Every structure is written in C-alpha cells, then in structure tokens.
Amino acid sequence: MDDKRHQRSTWVGPPDDFGEDSKQKQLGHFTEDGSEEHLTTAQGVKVSHTDDSLKAGARGPTLMEDFHFREKMTHFDHERIPERAVHARGAGAHGYFQPYESMAEYTTAQFLQDPSVRTPVFVRISTVVGSRGSADTVRDVRGFATKFYTQDGNFDLVGNNIPVFFIQDAIKFPDLVHSIKPEPHNEIPQASAAHDTFWDFVASVPESAHMIMWLLSDRAIPRSLRMMQGFGVNTFRFVNAQGKGRFIKWHWTPKLGVHQLVWDEAQKLAGKDPDFHRRDLWDAIEMGDYPEYELGVQMIEEEDEHNFDFDVLDPTKIWPEELVPVMPVGKMILNRNPDNYFAETEQVAFHPGNVVRGIDFSNDPLLQGRLFSYLDTQLIRLGGPNFHEIPINRPLSAVHSNQRDGYNRMTINRGQTAHSPNLMSNNYPRPASSEEGGYVHYQEKVEGRKIRARSEKFQDFYSQATLFWNSMTDVEKDHIVKAFHFEVGKVNRKEIRTAILEMFNRVDGALARRIAEGLGMPPPEEMGGTGVTDASPKLSLNSFPAPGPQGRKVAFIATDGFDHNEVAQVMDRLHQAGANPEIVSDHGGMLKSSNGQELMVGKTFVTAGSIMYDAVYVPGGRRSVDKLKMDGDALHFVNEAFRHCKPIAATGEGVELLQASDIKGVQVAETDAGLTVDQGVITVRGTDLEAFANELKEAIAQHRFWMREKKEQVPA
Ligand code: HDE
C-alpha cells in the first residue's frame, strides 16, 4: 500500500512568524490581489444586490426563493457559540518563542533545545469572571494562555497572572465558579467578586486565603497586559533524555516591568474604555512596540520533594524564589495582531493536557482535574471533536491519527483503514518509539489507597498568606486593605463579613483590625496571626520596575496658541525614548500654535480622560494656557492625574494650569530660573528642555508617586 495516500491532509498549519505569506490566503477564500473581490454567497455565486430582499412587488411579501437572503439570515442566526464558562473575555496575539540556550540537561522538549529556533505562538490573555462583553479593567485574575506550535506538536501553557489558586482540588472548581459568577437568581453583579456568594465560599474554604491576598492586591488590576507576570500555577515535570524527572513551575516576566492601575482609575476605565487592555495590546503591536516576556522555570529535584514546608503538589502555595530561584529559559515576542477575533481568539482551544515530549504532569490534584475539563469543555464550545482542525488550533507538525468522523470534519483522509494495528496499510500510521520522538510518559511509581483526602502539608492554609502580606510595601498594604473594604463592604450578610474578619485575623491580626475599621465592625477579640515573619521581596511589585518610559502614553494638554517649540522638543525626546505622546485638546482637527504651525489633535476631552494615559504634560503658550485655565475638563484632567499619582509636567505658561488646578502640597517652578521636581511634578519656566525631558522620562519610568496618594482632598 502506498503510505503517501494517507497523508492527504488538506490543511496548513497556523501562519508563523517567518513566512510572510498572507494569512488571508491561508485562512480565507479571498486573496488580496483583488481577483475575487466580488460579494458572493457561501456557494460562491456572485451577488448582484444585497440591500433589498426579493419581493413580490415593491410593497409585497418577501419570497422564499431568495436564497441570498435566507443564507445571510441563517448564518447570522447561528453566529454565536457558547462563551467560555470562565475566561470568556480575552485578547489574543501572535508571536514567537526562542530559548536562550539548550535545556537538554533537563528536558527533551524539542522547542527548548536550540537557541536559533523560533517557535510560533498564539497567546490569549483573559479575565476570568466576566462575560465576553465585560470590561477589561475589573478586579480579577488574568488568564495567560500560550499555544506553542512546536515541531513536535502543540504545547499549551495555560496559566494565570497570579501564581496560586483558590482551591487545592479540582472537584471544588464548579463551586468556586458558581459562587464568583453573577448570582443565579438575579444575575448580578457582572465581572465582580464583590458579592455575598463569593465571600460565603471564601469564608467556608480557608485554603482560599492565600489567593484572596493576591486577588485583593494590585496584581488584579494590571496597567497593561504587557506589564503583568504569568505563572503556570500547577506543578509540571521536566523529563530529560535519561528519563530523569524534575518538578517544575513556569513563570513569565514582562520586559516592561510589572505595573498596576489604581482602583479609582480601573473603575472609571471600565466605563470610559471597556476595551482598555485589549486596545493597549493591539495598539502596541500595531505601532511595533512588541511586548516581550521572559519564560523562566523553577525546578525541584525529585529527591527534594519532601524537603519543604509546603507540599510541591499544592497549587495554593508558591515556591518562594529565595528557596527555589527562577532559571531564565527564553523569550517570547508578540508581534502580530489577529486578523479576525472570532476565528482566532474565540476559537482557540487551550488545554493544559497538550504537552510535548519532555514535559509531563505532577499529581497536583488541581492539575489532574484540569486535564479532564479543558478537552471536555471544547467539545461543547466548539461543537464536536474536530476543533483541532480549526486553523488556529492546528499543529505545525503532521497529523496522522485514525480519527475520521464527527461534526465539521475538514480533512479528507484517503484510504480504507482507520484502525491500528493493521496489516492492510502496512500498519500505517504506526506508533513512534522513544528514539523516533514518541511521547513516553514519565514512569512515576504510584501506590496508595483509594481515599478522598489531602496530604498534611496541604492543611497549612495561612502561612503563605502571611508571607505575602509581609512582603508588601506600605502602599501595597493600603491597597489590599481598601480592596477588602470595597469587596467585603458589598457583602450584605453580616455573618459572612464576620467570618471573613475571623479568617483574615488568622493571616495577620493588624490586617484584620484595619479591615474591621473600614467595615465599621468590631475587631476580632484576639490578635491573630501565623507567626510567620519572613518576607519574599519578589512578591512585591516594587521588584519589577520599568526599564524606562517605553510603551507609556503621555497626554499633551494644549489648545490653539500653544508653544510649538516646547511641544516639538518634548515630543521628540519622548518619541526617542520609546514613549507615545498624544495631543489632547478641547477640540478635534488641527491645533494652531502661537506662531502659526499646525499640529493634529489625537483626542479631545470628550473622547479621552487622564485615566487613559500614564503621564500629563502641559506646554506653554499664553493663549492656550489662558483658555485651558478656564476649562473644567482641562483642570479635571490635571487633578485626576495627580490623584492617581501619575507624573505631571509643565513648561512655560503651562505651569499656570497646574497652579490653577486643585493639586496641593507640591512645589512648582515659580520663577524663570531652574527646574523644579517634586513628587513626580516636573516644571520649568525657562528653556532647559533637555533636563526637563530627562526628568519627565525618569518620572514616567517610576510609574506612580505614591507619596501623593494620601492627598485625597484633591477632587477628581
Ligand atoms: Fe481553567 N478553565 N480551570 N484554570 N483556565 C478554562 O477551558 C478549569 C485553572 C485557565 O484563553 C476552561 O477552554 C478547572 C487554573 C485559562 O481560552 C475550563 C480548573 C488556571 C483559561 C477550565 C481550572 C487556569 C482557562 C473554560 C480547576 C491557571 C482560558 C474554557 C481545576 C493555571 C484559556 C476553556 C483561554 C479556561 C477549567 C483552574 C487557567 C472550564 C476545572 C489553576 C488561562 O475548561
């Protein structure tokens, strides 16, 4: 029998980073040369008219024979697929992964062997709780899922931006999700954990304490998807050519540092720009500011499995980096936006069970349950067992399985046989030995009784929650306390609030007292705590500063009569540093400077707010500043940026806008001389724009000036 006959798989792999072949050509029917530009039916018949249905007379009934109308409407009627039960809203991007050096000592994973090999990836970053149309900036965990299209088949790293999870065993996942989703009787609230059922679950499940500390921290309101970490959460295994296994945990670290929004900003953005994160990622890629993340791995030798206070199989525990350092593995660059959100971002199907040779599982009971759930959920979401044939899910490596039928089968396999082993087709396709690259499961010795139980170390629910709390800066602690006030403040039942106070008193007595104060509840009688006094600096966002101002958005507030020289010079310097300045004005179109030059307005006070920028700059220009001083929107812009602790800068007459605003407690340049820099407010009346721009760049890289946060008398 001719083996080749079986290989007629008609698909192509996902478009990769190297081939410049138009994806349209690969994925759709239409080419870009215009040769097939006519509107057609799904059957390829050219359509001559699509604005009126076929009727019996201009005022008559529509005719059944209007095949174009019927097809158009039928397709529309069936255009929705079930959204993901969790992680329904996500943003996607293509890119590639490249290892720094060979990891052969630890794993046979082919994509980790050769630093010159780039493996195409598709990444989907999501919120967990909200529906597909919900806002991006809600307080939530972010999913961080990556599909590596390796030459050995697809490997999915399906992680989150928080390294631990709410529960230790997958069997509780439906309960967790039912509690955090909108309540079943009235379907309120959307995309929020701040309601009774969730906190009822938390109070009843103490293993959630550690995760709650992360969820109420600034980690859950990232500034940008480009500025957050990712973690595999579950414990996996590396297996090398000698068959030696090691426990591993995955880490992604963004090159731009790790940064957060402030809560007031996050809530306002949810209304003013619900697509804030998606847009930020999209725009960055369109502008060529390709997001980069470093992949790292923590490894524990199997011999050391029992040498830690925590169980290596417990997904509610981190492996503190002081004990188990993160080894850098490679980099991932996201350099191409999807062509079509539905076809790619919606239809992509991740599964932690999609592993390649050299990567294996541990007995982490959360992971074990996930291994069942993801494939199962895709079957209903993507309508049957052939979703691996959807272009975004196809591996680059050849597929020769004996699967044939089922809904939406795309491949036309030839040949009489679809069974294995066989004599009729020369036993084709035959299994591959380990030497031939076949996946061989790690030979773990397992024995035990069939019981529903957890190991003893799993029962320590609080130590690492205290470790996290101890590792926060004072500002981060304030934010956590305020998040408790918001979240638990929205819980109606007193008994739940009391139980939460008791629970977090076990984490830290002082924390519980501060929570009680904001909720107006009596503090717990005893001063609680775990006695843990250690801190792990890598848990604080302070450990991940920005390398510079690159990728940051700066609003230039100006109107007609602005000083062109100042704008041009500052803009130029920011551009050179990789930041993205944009003119925000009281009107759209062109702005005229004091000496006649014109500049295009990016946004207006109607279409933008300070919350969409990382910093504000007010250039001089007598007429411009005099007008802005009388403009409530301009004043609000400055006040709000101040309240959110962002860098604020002004030159020349621009300083007067700051003086006219409500910002308090900072120095601004009063005279012609010198540059004044005070708590992230940078002002100059003179002409030293070089030094000014340098200070501004530094301030942007610093992200926030938290010392201003207490000044809440500033209205915004
Ligand atoms: Fe998921 N999770 N999960 N999860 N998860 C899904 O699969 C599930 C968990 C994560 O962008 C679902 O395709 C169980 C941890 C991401 O498409 C579902 C348990 C982590 C995504 C599912 C967990 C994740 C999902 C819903 C407890 C971080 C979105 C739709 C045992 C390591 C992937 C889907 C995307 C999606 C089940 C816990 C990450 C229902 C049973 C822990 C990033 O199968």
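Any read-out appearing in this document is the output of simple, stated calculations on the displayed coordinates, not a laboratory observation. What you see is a predicted model; the values in this text were computed from it and never measured. As a convention, Cβ positions derive from the backbone with ideal geometry for all residues, glycine included, and neighbour counts pool all protein chains shown.
Pick from 305, 346, 301: which is under 19 Å from the mean Cα position of the chain (by Cα) and touching a residue at least 24 places away in the same chain (Cβ under 8 Å)? So the residue among 305, 346, 301 that is under 19 Å from the mean Cα position of the chain (by Cα) and touching a residue at least 24 places away in the same chain (Cβ under 8 Å) is 346. The lone criterion from (1) more than 12 Å from the ligand (Cβ to nearest atom); (2) β-branched (Val, Ile, Thr); (3) assigned to a loop (DSSP other than H, G, I, E, B) left unmet by residue 212 is number (3).
Conditions (1) under 19 Å from the mean Cα position of the chain (by Cα); (2) under 30 Å from residue 189 (Cα atoms); (3) of a type in the set (Phe, Trp, Tyr), marked per residue:
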residue: 47; (1), (2), (3): no, no, no
residue: 78; (1), (2), (3): no, yes, no
residue: 98; (1), (2), (3): no, no, no
residue: 114; (1), (2), (3): no, no, no
residue: 131; (1), (2), (3): yes, yes, no
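Residues that are touching a helix residue (DSSP H, G or I) at 6+ places or on another chain (Cβ under 8 Å), within 13 Å of the ligand (Cβ to nearest atom), part of a loop (DSSP other than H, G, I, E, B) and of a type outside the set (Lys, Arg) do occur in the range 352-366.
Each residue in the range 646-667 was checked for being in a helix (DSSP H, G or I) and buried (at least 19 other Cβ atoms within 10 Å of the Cβ), and 5 of them qualify.
Just give me the residues in the range 506-527 being in contact with a helix residue (DSSP H, G or I) (Cβ under 7 Å, 6 or more places away or on another chain) and touching a residue at least 24 places away in the same chain (Cβ under 8 Å), in sequence order. Within the range 506-527, 507, 508, 511, 514, 515, 518, 519, 521 meet the criteria. For beta carbons closer than 6 Å, sequence separation of 6+ or different chains, a first residue in the range 60-73 that is on the phi < 0 side of the Ramachandran plot and a second that is among the charged types (D, E, K, R), the qualifying pairs are 62/55. Tell me yes or no: at least one residue of the range 338-345 is touching a Ser or Thr at 6+ places or on another chain (Cβ under 7 Å), outside any helix (DSSP H, G or I) and buried (at least 16 other Cβ atoms within 10 Å of the Cβ). Taking every residue of the range 338-345 in turn, at least one turns out to be touching a Ser or Thr at 6+ places or on another chain (Cβ under 7 Å), outside any helix (DSSP H, G or I) and buried (at least 16 other Cβ atoms within 10 Å of the Cβ).
The C-beta contact set for the range 404-418 (first residue touching a residue at least 40 places away in the same chain (Cβ under 8 Å), second residue of a type in the set (Asp, Glu) and not in a loop (DSSP other than H, G, I, E, B), distance under 6 angstrom, 6+ apart or interchain) comprises 410/389.
Hey, among the residues in the range 590-636 that are assigned to a helix (DSSP H, G or I) and among the β-branched types (Val, Ile, Thr), which one's farthest from the chain's Cα centre (by Cα)? In this case the residue turns out to be 625. Pairs under 6 Å by beta carbon, first residue farther than 18 Å from residue 617 by Cβ in the range 660-686, partner of a type in the set (Val, Ile, Thr) and in a loop (DSSP other than H, G, I, E, B), six or more apart or different chains? Listed by first residue and then by second, the contacts come to 662/714. Is it true that residue 381 is within 8 Å of the ligand (Cβ to nearest atom), of a type in the set (D, E, K, R), in contact (Cβ under 8 Å) with a residue 60 or more places away in the chain and over 13 Å from residue 149 (Cβ atoms)? Yes: the conditions hold for residue 381. Any chance the range 263-282 includes a residue that's assigned to a strand (DSSP E or B) and either surrounded by fewer than 23 Cβ atoms within 10 Å (Cβ to Cβ) or within 16 Å of the ligand (Cβ to nearest atom) (or both)? No: the range 263-282 contains no residue that is assigned to a strand (DSSP E or B) and either surrounded by fewer than 23 Cβ atoms within 10 Å (Cβ to Cβ) or within 16 Å of the ligand (Cβ to nearest atom) (or both). Among the residues making up the range 116-132, those that are away from the ligand (no atom under 16 Å from the Cβ) and in contact (Cβ under 8 Å) with a residue 60 or more places away in the chain are 118, 120.
When the range 87-104 is filtered for residues that are within 16 Å of the ligand (Cβ to nearest atom) and in contact with a Gly (Cβ under 8 Å, 6 or more places away or on another chain), the ones remaining, listed by number, are 87, 88, 89, 90.
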